[in-house]
Amino acid sequence: MRYTLRQLEVFLATARLENITRAAASLAMSQSAASGALREMEQQFGIALFDRAGKRLRLNDLGRALLPRAEGLLEQAGELEQMLAGHSEGGELRVGATLTIGNYLAVGIMARYMSEVPDARVVLEVDNTEHIAEAVLHFRLDVGLIEGEFHHPDLDVTPWRDDDLMVFCAPDHPLAGRTALSDADLEAATWILREPGSGTRQTFDRAMHGVLPGLNVLLELQHTEAIKRAVEAGLGIGCLSRVTLVEAFRRGSLVPLPVPHRDFSRQFYFVLHRQKYRSHGIARWLGLCASAAA
């Protein structure tokens, strides 16, 4: 065999970090050893895998085509090593989740996964839908759990579980206690919302079709807890996933505002790269997610 697994590791790390020095550090190698491994791999086959611009290395077309195959081969090699060591599903699993899912659902699934696979390590990255999908697309994450739709020909985006948004306010807000809000009420209100690019905002904008340009949006915040605190303080009304509001409704610090003529239903999704090798760890994670939604 004219290439080594170490060369593939250097190739993958460089592809992710776009810098040979950072790639070497991530692999606990010297910069010269990593550069040598990558150079030797390219010279052996008479190819170039990166476009070089100063210290930045960007995958070229050949490098992008090789990336999923190299990653799949290394993951299979890692599984083989685990089996030889007496383990079947250990190793690192890189999971991405949007803020609602990451803060309210994914941690419980992660705890169950690690209890069932005690030698496993789960890295959880929490960000908005666009960032998680982009990370899966570029193989920085193994699997994503997102709350907004995302379309790309290289990604498999499949439904996971149902969800819906709820409009809410503080208990002393003038709208509290109303049996239903009209479009006029929605346009007259002051709103505290998630930022554009989030799955929650995507669903909100879709539900508010027709009145969206007339809404008074005071704040756009990235974190659900910050939105809840701002609404509790009386700065306006909000709209978030039902799963994020259960405790606040139970305590009475926030109250729901019915908007029956607007459709706030949505789905959470799994997102994986179409060329991603489906390891035992990924299959186990998806299975646990499915059982948690049942």
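The values are calculated or read from the model by the stated rules, or taken from the named source; none is laboratory data. Note that the structure is predicted; figures quoted are calculated from it, not measured. Glycine also receives a Cβ, built like all others from the backbone with ideal geometry; neighbour counts cover every protein chain displayed.
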For region 199-240, which positions are crowded, with 22+ Cβ neighbours inside 10 Å and in contact with a Ser or Thr (Cβ under 6 Å, 6 or more places away or on another chain)? 199, 240
For residue 284, state whether it is touching a Phe, Trp or Tyr at 6+ places or on another chain (Cβ under 8 Å), modelled with pLDDT under 95 and on the phi < 0 side of the Ramachandran plot. yes
Could you tell me whether region 152-159 includes any residue that is in a loop (DSSP other than H, G, I, E, B), in contact (Cβ under 8 Å) with a residue 12 or more places away in the chain, touching a strand residue (DSSP E or B) at 6+ places or on another chain (Cβ under 9 Å) and not assigned by TED's automatic domain parsing to the domain that holds residue 128? no
Can you find a residue that is under 13 Å from the mean Cα position of the chain (by Cα), within 30 Å of residue 256 (Cα to Cα) and surrounded by fewer than 23 Cβ atoms within 10 Å (Cβ to Cβ) anywhere in region 152-163? no
Given the structure, is residue 268 crowded, with 19+ Cβ neighbours inside 10 Å, under 30 Å from residue 64 (Cβ atoms) and aromatic (Phe, Trp, Tyr)? yes
Going through region 213-257 in order, the residues found to be farther than 18 Å from residue 177 by Cβ, assigned to a loop (DSSP other than H, G, I, E, B) and over 20 Å from the mean Cα position of the chain (by Cα) are 215, 233, 235
Would you pick out the residues in region 1-59 that are over 28 Å from the mean Cα position of the chain (by Cα), of a type in the set (S, T, N, Q) and within 15 Å of residue 71 (Cα to Cα)? 4, 7
Close pairs (7 angstrom Cβ cut-off, 6 or more residues apart or separate chains): touching a residue at least 12 places away in the same chain (Cβ under 8 Å) in region 57-74, surrounded by fewer than 19 Cβ atoms within 10 Å (Cβ to Cβ) and assigned to a helix (DSSP H, G or I) anywhere: 74/5
